[in-house]
Amino acid sequence: MKRIFSGVQPTGNLHLGNYLGALKNWVGLQDEFDCLYGIVDLHALTLPQEPDALRAHTREVAAAFLAAGIDTKRCAIFNQSAVPGHSQLAWLLACMTPLGWLNRMTQFKDKAGKHKENAGLGLYAYPVLMAADVLLYKATHVPVGEDQKQHLELVRDIAGAFNRRYGVEYFPLPEPQIFGEATRVMSLRDGTAKMSKSDNSDNSRINLTDDRDTIARKIRKAKTDPAPLPDDPKDLEGRPEAANLIGIYAALADLPRDAVLARFAGAQFSAFKEALTALAVDVLGPIGEEMARLLKDPGAVDAILRDGAEHANALAEKHLAEIDDLIGLLHA
């Protein structure tokens with residue numbers, strides 16, 4: 001069986017980049033894989049979190065999953081902390097992960113910066129927890145972006161180390177799930193910077209909770225350049241804002257960039273933005289409205305998370321019993 005595990009941290013303000021880079025693709029995976037989608041709240045704890053906000057953001061991410069089209073009859077949606085096996089397996093794997101492997105992880109260096117001596121152990125060791133997230137379910141594939149490829153390599157290294165130590169082929173070595181044309185969504189105010197929830201300007205991003213009027217306003221105010229749209233993708237080089245908006249249109253319309261350029265070649269951005277606005281409102285507007293509807297009933301969202309956790313726990317407990325037996329842990 002081909003199985004997917006992937007997750008999103010509940011840190012609030014999911015935006016267009018999260019939708020095009022992850023959620024939209026996850027919906028398509030339901031037809032081909034056994035999918036488990038986690039709201040990885042334990043990973044969020046590598047930075048201080050306000051308790052009520054963490055709970056609210058967890059529900060918001062769950063609502064985004066559902067509003068984007070993830071079907072709970074075919075997939076498990078759950079918060080990571082509701083499955084104790086994630087933490088248990090992380091410890092077992094940590095005991096066979098050399099420090100040298102973790103020292104190569106560039107994201108720790110990026111996030112800790114010059115203050116790495118004051119960083120928490122969780123920030124340093126979270127790639128091991130990420131490996132446990134995947135291996136707990138014996139996932140065969142993991143959707144990854146450019147910034148996660150190094151972590152998937154570590155997952156494969158840890159799985160291989162376990163298999164060699166115990167002389168078994170227990171864990172599959174998960175493969176990256178690569179999508180067609182990668183969608184890297186950049187800021188609406190600066191085409192050289194990735195769209196981010198941490199950007200001080202709310203106009204730099206389209207939040208999944210934005211209403212239709214807000215989506216339209218942000219696209220119309222998005223930074224562009226004065227030249228008309230080209231007919232050759234090579235002519236987008238050196239025009240980051242133009243390339244970003246073309247990429248967004250292509251991803252929302254499920255079209256190659258070449259096809260979008262062929263449609264709008266020679267057009268001024270005023271005309272193109274109107275077409276992009278109509279498309280974005282049509283695709284994203286219903287998502288925000290469904291999220292708002294779901295979040296009015298947090299109890300129903302919690303029930304969906306409990307059901308997903310029950311499914312995930314059943315699988316996790318089965319695998320952990322097998323892993324404990326291989327390691328030699330006694331359960332009398």
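Count charges around residue 104 for me, please; just the other residues with Cβ under 12 Å from its Cβ, Lys/Arg as +1, Asp/Glu as -1. List each step's numbers first, then the result.
Numbers: positive: 109; negative: 153, 157.
So the surrounding residues net to -1.
If you stretched the chain out fully between residue 103 and residue 87, how much longer would it get, using 0.36 nm times the residue separation minus the C-alpha to C-alpha distance?
Working: separation 16, 0.36 × 16 = 5.76 nm, distance 2.10 nm.
Full extension from residue 103 to residue 87 adds 3.7 nm.
Tell me which of 248, 283, 265 sits at the most positive position along the dipole axis of segment 207-310, charges placed on C-beta atoms (Lys, Arg +1; Asp, Glu -1).
Farthest along the dipole direction, towards plus: 265.
Using a Gaussian network for the chain with springs between C-alpha atoms less than 10 Å apart, which of these wobbles most: 113, 122, 285?
Sorting by GNM fluctuation, first place goes to 113.
For each cysteine in the chain, check whether another cysteine's C-beta sits under 4.7 Å from its C-beta; list those where none does.
95
What does the charge dipole of the chain about its Cα centre add up to, to the nearest 20 debye, if the Cβ of each Lys and Arg holds +1 and the Cβ of each Asp and Glu holds -1?
Values: 37 positive and 44 negative charges, 119 e Å.
The dipole of the chain has a size of about 580 debye.
Go through 27-35, 150-158, 132-140 and give me the packing order, highest mean Cβ count within 10 Å leading.
Numbers: 27-35: 16.6, 150-158: 19.2, 132-140: 24.0.
Going by the mean number of other Cβ atoms within 10 Å, highest first, we get 132-140, 150-158, 27-35.
Could you check the spin-label model distance between residue 200 and residue 268? Points 7 Å from the Cα along Cα→Cβ, value in nm.
The modelled label-to-label distance comes out at 3.3 nm.
Could you point to the label whose value was computed as mean projected area of the Cα convex hull in nm² for the structure here, given [x] 17.0; [y] 15.8; [z] 18.5?
[z]
Where the centre of each part is set by its Cα atoms, how far does segment 92-167 sit from segment 246-283, in angstrom?
What the calculation gives is 39 Å, centre to centre.
How long are the semi-axes of the equivalent ellipsoid of segment 202-293, taking √(5λ) for every eigenvalue λ of the Cα gyration tensor, in whole Å from largest down? It would help to have the intermediate numbers written out before the result.
Numbers: eigenvalues 120, 36, 22 Å².
Largest first, segment 202-293 gives 24, 13, 10 Å.
Under unit Cβ charges (Lys, Arg +1; Asp, Glu -1), what dipole magnitude, rounded to 20 debye, does segment 202-293 have relative to its Cα centre?
On the way: 13 positive and 16 negative charges, 47 e Å.
Using only the charged Cβ atoms, the result is roughly 220 debye.
For the ranges 13-25, 187-199, 262-274, what's the packing order if you count other beta-carbon atoms within 10 Å of each residue, average per peptide, and put the highest first? Each step should come with its number before you reach the end.
On the way: 13-25: 21.5, 187-199: 16.5, 262-274: 14.9.
So the peptides 13-25, 187-199, 262-274, ranked by packing, come out 13-25, 187-199, 262-274.
Quick note: the coordinates plus some simple rules give every number you see, no bench work behind them. Being a predicted model, the structure only gives us computed values, none of them experimental. Cβ atoms come from the backbone with ideal geometry, glycine included; neighbour counts cover every protein chain shown.
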